[in-house]
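See below for the structure under consideration.
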Amino acid sequence: MSELLISGAKPLYGSVKVSGAKNSVLKMMAASLLTKEPCILRNVPNLSDVQKMLDLLVDLGTEATWLNPGTLYLHNANEISCYGSEGLMREMRASILILGPLLARVHKAHIYYPGGCAIGPRPIDLHLKGLESLGATIEQEQGGVLFLYTKNGLKGNRIYLDFPSVGATENIMMAAVLAKGRTVIENAAREPEIVELQRFLSNLGANIHGAGTDTIIIEGVEKLKGTEYTVIPDRIEAGTFLLAGAITGGCVKVYGARADHNEALLYKLHEAGAEFFIGSNYIEVKNQKKPKALRIRTMPYPGFPTDLQPQITALLALADGTSLVTETVFPDRFKYVHELIRLGANIVLEGECAIIKGIPKFKGAKVLATDLRGAAALVLAALAANGESRVCELEHLDRGYENFSEKVISLGAIVERHN
Ligand code: UD1
């Protein structure tokens with residue numbers, strides 16, 4: 001088990017560059033199944049989730065090569081299997097994203113209920129309902145196994161999502177680009193990663209528009225071609241580094257951070273009293289004062305992102321006054337709070353709310369990461385804590401942050417990684 005040894009209470013100073021977005025690249029990797037021509041992805045982060053998706057694709061028949069670090073070549077010229085690997089699918093939530101492409105390409109998919117972070121139940125009913133509307137028949141087998149197929153190929157349809165699920169929107173988009181006729185997705189998710197997936201699919205030759213609004217319209221085409229594509233910077237990693245600067249009372253310039261992708265966070269940082277400067281390709285944060293208490297409610301984009309909820313809760317644990325954080329997207333996403341309390345935080349959980357009474361300072365402790373963003377929150381708190389902390393089960397952090405320890409060390413943190 002990997003762990004980070006952190007000597008805290010050192011303000012972070014300097015600049016850091018954000019890696020490619022995990023939540024964008026995983027979808028493009030899955031979408032490469034839609035074409036027999038090669039796809040080249042640039043700015044691909046070296047993360048365990050990316051590696052798992054790659055293993056899953058190779059298992060299905062993809063020819064994959066790293067052309068150099070960060071550049072991935074994916075080619076699906078040959079026959080593609082419809083059988084997703086059980087181990088990989090159960091380990092990674094994003095594995096469900098092969099469902100749409102497999103149905104579109106080989107008209108069948110044999111998959112397992114996906115796993116992922118321990119942040120509460122993560123059903124896939126909206127994915128299945130959407131694909132069923134496009135003509136897929138779904139058979140449930142025992143032990144969380146699903147078999148989906150279509151006899152005459154997928155057919156466009158009008159789909160209303162009960163909730164703007166990111167994954168369901170993406171799966172339906174990928175299935176619909178090769179379906180016959182027009183698909184309209186209403187109440188679609190509007191995240192920047194959806195807009196990027198639309199761009200990627202358009203580059204492949206798909207006829208799709210509307211991403212970024214709540215209605216996405218797709219006219220199916222017969223076949224798609226290959227493309228080269230550069231993955232956008234990870235907005236959640238960017239937000240995490242901005243919060244790292246703020247929580248340690250330092251000054252951090254985050255290259256690749258985009259104000260248009262992080263508006264909700266910037267608004268809240270401003271309200272908390274942090275100063276920031278928005279450059280053409282960076283955001284710089286400076287926070288020499290104690291943050292003011294806030295009220296935050298996570299929401300689908302453009303609301304405050306659930307993926308930054310744990311990290312901002314860590315900041316608010318040091319605020320002047322009492323803050324209220326309400327988690328509406330993943331109700332169980334407060335597991336890390338018990339560990340934050342070991343570092344001295346004063347937080348009471350009531351249903352989907354965390355009531356956070358600001359303390360003067362965290363104190364070093366041994367803590368256990370329980371999920372990806374919770375792990376980031378614990379590291380941020382440990383960076384701000386007096387004394388030494390140990391953050392264990394770092395594998396969670398590795399799922400979504402490339403070279404995290406190297407990056408914080410470059411900002412002056414005293415951190416040692418033990419594998
Ligand atoms: C994606 C992101 C994740 C982020 C989340 C919300 C990836 C790989 N992961 O996850 O980091 O936190 O968006 O921004 O991109 N739901 C259902 N039925 C479904 C699908 C979802 O009830 O069929 C519920 C989920 O349980 C959850 C909510 O909808 O409560 C949001 O889930 P969704 O938007 O689908 O998130 P993911 O795509 O899994």
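All of the numbers you see were taken from the coordinates with simple rules; none came from a lab. From a predicted model like this one, the values you see are computed outputs, not experimental measurements. Backbone-built Cβ (ideal geometry, glycine too); neighbour counts: all protein chains shown.
Before moving on, here are some points about what is shown:
- Evaluated with a Cβ-only charge set (Lys, Arg +1; Asp, Glu -1), the stretch 186-239 carries a dipole of roughly 180 debye about its Cα centre, given to the nearest 20.
- Computed label-point distance, nm, for sites D214 and N152 using a 7 Å Cα→Cβ extension: 3.4
- Leading residue at positive end of dipole, the stretch 22-230 (Cβ point charges), from P101, Q140, L88: P101
- Charge-dipole axis of the chain as Lys and Arg at +1 and Asp and Glu at -1 on Cβ define it, positive-most pick from V348, L128, L12: L12
- Whole-Å semi-axes of the stretch 254-307's equivalent ellipsoid (Cα gyration tensor): 18, 17, 7
- FRET efficiency for the T137 to E37 pair, using the beta carbon distance and R₀ = 30 Å, is estimated at 0.55.
- Counted charge near N78, where neighbours are those whose Cβ lies closer than 9 Å (Asp, Glu -1; Lys, Arg +1): -1
- Shape call, the stretch 157-200: gyration tensor on alpha carbons, a/c limit 1.5: oblate
- More than 18 Å apart - percent of Cα-Cα pairs taken over the stretch 134-251: 60
- Gain upon complete extension [R417, L67; 0.36 nm per residue less C-alpha separation]: 123.2 nm
- Cβ-placed point charges (K, R +1; D, E -1), dipole of the chain about Cα centre in debye, nearest 20: 740
- Positive-end extreme of charge dipole, the chain - chosen from V177, P310, G358 (charges on Cβ): G358
- Gyration tensor verdict on the stretch 22-230 (Cα atoms; rounded if a/c is under 1.5, prolate if a/b is larger than b/c, oblate otherwise): rounded
- Relative contact order for the stretch 22-230, counting Cα pairs under 8 Å that sit 6 or more residues apart, in percent: 21
- Charged side chains reduced to their Cβ positions (Lys and Arg at +1, Asp and Glu at -1) give the stretch 22-230 a dipole of some 360 debye around its Cα centre.
- In this structure, the amide hydrogen of N207, modeled 1.01 Å from its nitrogen in the peptide plane, lies closer than 5 angstrom to those of E219, V221, counting only residues at least 5 positions away or on a different chain.
- Taking each of K17/K290; K52/K361; K289/K366; K253/K292; K223/K253 in turn, the alpha-carbon distance tops 32 angstrom for K52/K361; K223/K253.
- log₁₀ of I(q)/I(0) at q = 0.06 Å⁻¹ - the chain, Debye sum with one point per alpha carbon: -0.24
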